[in-house]
Amino acid sequence: MAAASPLDAFVKGTKAWFADAEEGWMQGTMNASSISDKAVKLTFTLESGKDISFESTMDKLIGSKFADLPPLKNPPMLEGIDDLSNLSYLHEPAVLHNVKLRYSQQQIYTYSGIVLIAMNPFAKLDLYSPDVMREYSGKRRGELEPHLFAVAEEAYRALIRNGKNQSVIVSGESGAGKTVSAKFIMRYFAIVDDLDKKATISKTSEIEEAVLATNPILESFGNAKTTRNDNSSRFGKYIEIIFSKGKNVKITGAKIRTYLLERSRLIYQPATERNYHIFYQMCAAVPAAEKKQLGLGKWSDYFYLTQGNTGTIPGTDDAAEFAITQQSLSTCGISVSNQWDIFKVCAALLHLGNIKISGTSDAQISDDDSALEQACSLLGIEKSDFKKWIIKKQIITRSEKIVTNINASQAGTVRDSVAKFIYSMLFDWLVKIINKNLIKDDDPSAQFIGVLDIFGFEHFKKNSFEQFCINYANEKLQQEFNQHVFKLDQEEYVKEKISWSFIDFNDNQPCIDLIEGKLGILDLLDEESRLPSGADKSLITKYYQRFGVPTQKFFEKPRFGQTAFTIKHYAVDVTYEIDGFIDKNKDTVSDEHLACLNASKMPLLTEICIIEAPAEPAVDTKLGRAPTSRAPKKPTLGSIFKQSLVSLMSTLRSTEVHYIRCLKPNMAKVSFGFEPQMVLAQLRACGVLETIRISCAGYPSRWTFQEFADRYFLLVKSNAWAVDPKELTKSIVTAVITKDDLYQIGITKIFFRAGQLAFLEKRRSEKLRECVILIQKNMKRHIYSSQYDQMKKAAVSIQTAFRGYRARKMYKEEREKRAVTKLQAAFRRHLAQSQYQKSLNAVLYMQSLLRTAKNKKTLVSARRNAAAIRIQKVFRGSQERKLYKVQQGQIVLLQACIRKRKAVAELKHLKAESKSVGKLKEVNYKLESKVVELSQAVKSRAEEVDALLEKVSQLESNLASWKEKFTRVDQGTKGNADKLAEANSNLKAELDASETSKNALQKENDRINNLLKKKDAEIETLTAESTKYKEESIKYKEEMLKLREDIKTNIGRPSAVAVPSAASTPEATAGVVGGEDPAIAAALRKEIASLREQMSRLIAGKWTRDRVADSLLAVSNAESAAASARPTVGSSMNQHMQMEVQAAIAARPRPVSVNDFAVPLERGSRISMMSKRSSTQELPPDYDSTSNADRILNVLQDKALEDEIIDSLVTNLRIPLPSTQTVATRKEIFFPAHLVGICMTQLLRNNLGVRMQLLLPNAMNAIQNLTMKFEDDYVSAFWLSNCFELLCVVRTIQEREAREQQRRRMQGLQNDLDSANPEKALEQIRSDLDILLMDIYHGWIKELKKRLANMIVPAVIENQSLPGYICKQSGGIWGKWGKSATSSQFTIEQLLNFLSKLSKTMRCYYMEDSMTRQILTELLRVIGVSAFNHILVRKNFCTWKRGVQIQYNVSRLEEWCTTHGIAEATLHLQQLLQAAKLLTLNKTSPQDIETIFDVCFLLNPTQIKKLLSLYYAADFDSPLSPELLKIVANRAMLNEKSDTLLLDLDLAPDFTKPSTRPVEYIDRFIPAWISLPNIAIIASNN
């Protein structure tokens, strides 16, 4: 049942809050209560041990609607919640406690409805890296931990989605971190486009850099060190970041508005504070030459810089900051000359402050004042005029101008006013120039996101005009904020169609009217400022008369004194001192000084001092005429600020606003120090508590039906559990809450009044406790029953064991007695045997000694006789050998002399023969005849084998016919059994004979094969001989050169008669050559080339001997047929050379190796392979073998070949699809690479290296264009494999070409390809292929990462595969707007299928193993890093059940890696695995923390601290105590600077290209389904 009264919640053990002077609020536990119909007394014990009592009457409580009761503490489940609006009890102590708890866990961001509370940590945290930005990109607000990037992302998405301008208001007091927060938000907007594309953060554009460069400029000229902040913004600014419209949203410009620069800081700084940063930067960093020109010295030399007695900031380098300022000015489009003019103005202002004003009654300035002279020189103004109007003033009346002297104090004020005026105008000019350069096209309809960095509410001991303006601005902003919150709440109620009444909240419009209304504070201030005799005293008097009335509730006069007034702001009452109001409001210079400045010789000064004319006066609509003309009024600072504030409010109302409230946790700026009273005051001032009050007036707690039913279903009986969450929700609230006004049921959510969530949580805890007690009762009964059964069973077992032990003991004693008896008998027998053995051994020993002595004597005598005989034998043999050697030497000498004489004669004869051309031809003819004979022998052997095979086939056919006859006979009648038996025996005999004949033929076939092997050996011998003749042909070439010279000398002589004999003398041969045409010499050279070709074919053609032999045999037959028609030796030689030339043309010489030909496994396989290749691609019908070389040359030079490669072989190629059923062979995958390699080979053979350098890059460009589309993975995998295969083919061609060049150099031949430089061309192609391989790899990896990015978190983190550990809280349960958690979009099985499919694709395309491993390892690294980073920013997600689920998913990934042979990739998953283990480990004691650090050794302390701070204690799980979090935080602080929170997703290892391998055979395979006629022609001759 529902609580009848709020007092029912106060039971023993209830915790409540009590006000405390130091801690703000202190927690107390109720230990006694006394409640009656008239009085209430509640006793509590505070945390400090002090007892406190609450006493009141029942009537008083009812009258206040029980609001006087102590504020109750929220249930444990809401401790440290990230959204304050979700607290069940929404009140001041609950907000303070929650913020303090989160801050102690180093979680500086907390939501409060639509507001983000940002606590300044006063420490550098790793929360703003690009990796953190990437995590928040594309995520909904509330999905991850609170962060200012979440607010920025929400604004950016709303801009794109709705097309409505956005604003982000960053407010807070000085030192709260407003400037840093605004800076990071702008940084996020600058790179969000790259984050949205899941790409690496590239270099920002020029306009984006300019937008970011505005921060250093504005900080240098507008920020200063204060007691609260080392970099405090002394002005407000609103930066409109302009975005382009359309799909690609990018920053196109920016516009800056500034508000209320603190001008007085230029002339005065309190103790420990500084002036604006730019002055100290100039003193520290301006070069010596420029410093001399500007007259600058140390900062301590200037009055305007020494009043705070602080010139440096710890940890800040002013010189480095000055360089950044200069660079930023250049980035924003301000020239270097203008920059130095700006610095001149700043230096002049410092010299102005050093002008010495003397005199008691009338002010005086010395003419020799160096500061005055330096300031006027820098500003380019007249010193006399400037000096005059400092110490004098001019009063203008209707009839005359009166010049009077002023005192020294007034002169100092005038000097300071001029300085403030110049600096404020300079600051405004800077903003104007920045805007001019940032806005290229001023499009009024452009969409923008505005970032408002404005001062927060200020309340000091002494408050002046600046604090008044600041608080006035905050009143306006707070009003807009309240209306915005109210509007959102009402829209939510209307959307859900619930019954609601108007929410009344405290509106601060009366306070705003007091300030800006007609005849309000600002109007009276402006009126008094325009009066010549206006003073602060008269102003305060007008305030008292106008507002010091009882009806004005927001103005108050002080009790004592007449110099102050109090305004009751929404946050706190602030008392303002009236001193200086008039002067600060005027804040202008005299007309004389303004004319002096406008007459300056410095163009910059005249430009910045131009005051814009005020707007034309409006027509008086009541009188129907314009007002009378009068002198234009100078605008006061208050009116200017009011107008700018009105403009700002108008802009904010036209945008969708997002709020960030920055809080300063302590005055000492200690890291993570917390001063409760200070934070509480800021919470009141920033409007957070006001927001909570508005929320409490309605229904602050909102849950979706599914979430509510999942958590509170156990509050009703199981028979009331409905399938529909809405029905179940109704059943729960109807059974638990009886008052209808405490909740409202909408369309998708249920709404609760404040406190009802805590009531439901309490009922749930009680229900769970009852269930636990019931389970414990039954478990204890079961345990004790089991213990009794175990004890009974144990007693019986003990008895049994004891009885067994006693029986075994008796048995053992009996066995020992019998054993002793046996041992005695055995021992006695042993003693007798030992005595006998000793006697026997002694006798045998004596006998052996005697026999040994006798045998030694006999041995010595035998050795002496044998030695004597051996000595005699050796001596006699030595004498005989000496005699034999002498005779042998004489005989050898005689033979050598005789053989020498014969050798000398033979040498002379051979030298004479070697000079004869005919002799060489004879040797060549002999070699050819031997080759022909061998070919004929091989052919005859082959014919014999064919005959034998034919005979075998004939016998087999006979055998088959006989078998057929036998079958027919077998089907005859039984009466012919005898005949059949006889025929059967005959058939068997014939069959045996056939088998015998077949075996004989088989043996004959083996014999022939052996003969063939012998012939192969002979061919190898002939090859060696041909090498020998090859050397002789070189000598013959030299002889030919000599003969050519003889021909030139004998040109006029008659032709010599040819000698008909082939064995003619050298002289005859020379005559023959000399008598022929010079073409004969060329023919002879070609003949030599032909012989060289034949020898090279013999060397390389070990497995193509049939083709070589046939061709040589054809040539030999042609020679023998033409021999009868040869009238002379010269003509026969000419015909023979012509035939050799034709043979050389038909087969052009090329670099070959043994690897160019496939080795056949059996006879005839080469022919079948060639026929198979030729069948795949038919040649053109007009193909002629006689013109093959010319045809190939034409094809290589034709543009059609390039088009065919690019179009048919690359762009429009039908790639074989990967399949496990029909696996494609390597040649079916790599045929593009091999065909391109064949074309390269032919281009090099035909000296077309330049053509190759043009064709190959075009083909590679086509491959790159095709693969960069990333239409499917198989395209990238196919071409990645082919590119590497082509790289290997190019390496093989390169090595082959190098060997050919070396062979040519060794032979002394000229290299025809030297002009084309093939080595350099091939090296360039290899380099281009390397680049193409890298581009395809990195592009494909990038595309795979994009596709994988959407799968990682759902599959690895959110997917719950283990049924026993399902978590119903999937992270969105605490969302303010109740976005229901949906099931995981992807599962771990789908992720593994994606990886398996990718691995299979690469395997089907025969990709190199190292590349496959690198690709899969990189993807697994991305999985591990992305999942780990997501856990570190996911809120309300880190439970122990989640840890178990993640461990299971990671184990599935590790199992996949092991089965696919990439076990090293599991190393990238270890950090994720250890993070999951951390969630499952115990966390209740310091020893557990040490265990966590030992187990999670790969995680740094910062990451462990973050995970523990995010740990969410589920039901009956122990939450982490603050003491343990402090221990972890202390360990993390030791390495906080070096530790990184998130892993770097872009830190990928470099791609390691596999080592290229030589290709054994460049395949000419062309699939039948592709038409490549030009490549087929080239491949046919390869």
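Quick notes
- Whichever residue in the range 1555-1566 is buried (at least 16 other Cβ atoms within 10 Å of the Cβ) and not aromatic (Phe, Trp, Tyr) and, among such residues, is farthest from Leu1243 (Cα to Cα): Thr1556
- Search result, residues across the range 446-461 that are farther than 23 Å from Val679 by Cβ and open to solvent by 10 Å² or more (accessible area, probe 1.4 Å): Ala446, Gln447, Phe448
- Counted residues, the range 316-334 - those being touching a residue at least 60 places away in the same chain (Cβ under 8 Å), outside any helix (DSSP H, G or I) and within 22 Å of Ala288 (Cα to Cα): 1
- Between Asp523, Asp513, the distinction of being free of Cβ contacts under 8 Å to residues at least 12 places away in the same chain and either in contact with a Gly (Cβ under 7 Å, 6 or more places away or on another chain) or assigned to a strand (DSSP E or B) (or both) belongs to Asp513 only.
- Set Leu519, Leu531, Leu539: member being buried (at least 16 other Cβ atoms within 10 Å of the Cβ) and more than 60 Å from the chain's Cα centre (by Cα): Leu539
- Within the range 367-381, not a single residue is touching a Lys or Arg at 6+ places or on another chain (Cβ under 9 Å), at pLDDT below 85, of a type in the set (S, T, N, Q) and outside any strand (DSSP E or B).
- Scanning the range 1253-1279 for residues that are in a helix (DSSP H, G or I), open to solvent by less than 50 Å² (accessible area, probe 1.4 Å) and farther than 19 Å from Ser1208 by Cβ yields Asp1273, Ser1276, Ala1277.
Results for (1) under 30 Å from Phe149 (Cα atoms); (2) without any contact (Cβ under 8 Å) to a residue 12 or more places away in the chain; (3) among the polar types (S, T, N, Q), shown as yes or no for each residue.
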| site | (1), (2), (3) |
| --- | --- |
| Asp37 | no, no, no |
| Phe54 | no, no, no |
| Thr57 | no, no, yes |
| Ile81 | yes, no, no |
| Leu87 | yes, no, no |
| Val95 | yes, no, no |
| Leu101 | yes, no, no |
| Ile108 | yes, no, no |
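- First in the range 1517-1532 and assigned to a loop (DSSP other than H, G, I, E, B), second anywhere and aliphatic (A, V, I, L, M), Cβ under 8 Å, 6 or more apart: Pro1519/Ala1513; Leu1520/Leu1508; Leu1520/Ala1513
- Test: residue in the range 274-288 that is in a loop (DSSP other than H, G, I, E, B), touching a strand residue (DSSP E or B) at 6+ places or on another chain (Cβ under 8 Å) and farther than 30 Å from Ser445 by Cβ: yes
- Unmet requirement for Trp1569, which otherwise passes all of (1) part of a helix (DSSP H, G or I); (2) open to solvent by 70 Å² or more (accessible area, probe 1.4 Å); (3) touching a residue at least 12 places away in the same chain (Cβ under 8 Å): (1)
- Listed by position, the strands (runs of 3 or more DSSP E) contained in the range 391-505 that have at least 2 residues being β-branched (Val, Ile, Thr) and closer than 30 Å to Gln166 by Cβ are 447-455.
- Within the range 335-347, the set of residues being in a helix (DSSP H, G or I), more than 21 Å from Trp299 (Cβ to Cβ) and of a type outside the set (A, V, I, L, M, F, W, C) comprises Ser337, Asn338, Asp341.
- Residues of the range 1219-1230 include at least one that is in contact with an Asp or Glu (Cβ under 6 Å, 6 or more places away or on another chain), modelled with pLDDT of 85 or more and open to solvent by less than 60 Å² (accessible area, probe 1.4 Å).
- Count of the range 68-80 residues which are surrounded by fewer than 19 Cβ atoms within 10 Å (Cβ to Cβ) and farther than 20 Å from Lys1435 by Cα: 3
- Verdict on Val1422 being within 22 Å of Lys1346 (Cβ to Cβ) and crowded, with 18+ Cβ neighbours inside 10 Å: yes
- Residue check: Ser786 meets all listed conditions (1) open to solvent by less than 100 Å² (accessible area, probe 1.4 Å); (2) within 30 Å of Leu715 (Cβ to Cβ) but one, namely (2).
- Residues satisfying the stated conditions in the range 363-403, i.e. within 26 Å of Leu296 (Cβ to Cβ) and in contact with a strand residue (DSSP E or B) (Cβ under 6 Å, 6 or more places away or on another chain): none
- Filter result for Ser264 (more than 22 Å from Gln339 (Cα to Cα), open to solvent by less than 50 Å² (accessible area, probe 1.4 Å), in contact with a Gly (Cβ under 8 Å, 6 or more places away or on another chain) and polar (S, T, N, Q)): no
- Residue within the range 735-757 that is within 15 Å of Lys717 (Cβ to Cβ), part of a helix (DSSP H, G or I), at pLDDT 80 or above and open to solvent by less than 90 Å² (accessible area, probe 1.4 Å) present: yes
- Qualifying residue in the range 252-259 (condition: within 21 Å of Asn229 (Cα to Cα), modelled with pLDDT under 90 and touching a Gly at 6+ places or on another chain (Cβ under 9 Å)): yes
- Of everything in the range 240-250 that is touching a helix residue (DSSP H, G or I) at 6+ places or on another chain (Cβ under 7 Å) and at pLDDT 85 or above, the residue that is surrounded by the fewest Cβ atoms within 10 Å (Cβ to Cβ) is Phe243.
Matching residues to (1) more than 18 Å from Asp416 (Cα to Cα); (2) out of contact with any helix residue (DSSP H, G or I) (no Cβ under 9 Å at 6 or more places or on another chain):
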residue: Thr360; (1), (2): yes, no
residue: Gln364; (1), (2): no, no
residue: Asp367; (1), (2): yes, no
residue: Gln374; (1), (2): no, no
residue: Gly380; (1), (2): yes, no
residue: Asp385; (1), (2): no, no
residue: Ile390; (1), (2): no, no
residue: Ser399; (1), (2): yes, yes
residue: Ile402; (1), (2): yes, yes
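- Qualifying residue in the range 31-42 (condition: among the aliphatic types (A, V, I, L, M), open to solvent by 70 Å² or more (accessible area, probe 1.4 Å) and either within 29 Å of Ile750 (Cβ to Cβ) or part of a strand (DSSP E or B) (or both)): yes
- Sole exception among (1) part of a strand (DSSP E or B); (2) of a type outside the set (Asp, Glu); (3) touching a helix residue (DSSP H, G or I) at 6+ places or on another chain (Cβ under 6 Å); (4) surrounded by fewer than 18 Cβ atoms within 10 Å (Cβ to Cβ) for Arg257, by number: (3)
- When residues of the range 48-67 are limited to those that are more than 20 Å from Arg684 (Cα to Cα) and part of a loop (DSSP other than H, G, I, E, B), the one least open to solvent (accessible area, probe 1.4 Å): Ser64
- Flag for Asp741 being closer than 30 Å to Gln490 by Cα and within 48 Å of the chain's Cα centre (by Cα): no
The values are calculated or read from the model by the stated rules, or taken from the named source; none is laboratory data. Note that the structure is a prediction, hence the values are computed from the model and not measured. Counting neighbours? That spans all protein chains shown, and the Cβs are built from the backbone with ideal geometry, glycine included. Please note that ligands, DNA and RNA were not included when accessible areas were found on the heavy atoms of the full protein model with its side chains. Shrake-Rupley method; radii C 1.70, N 1.55, O 1.52, S 1.80 Å.
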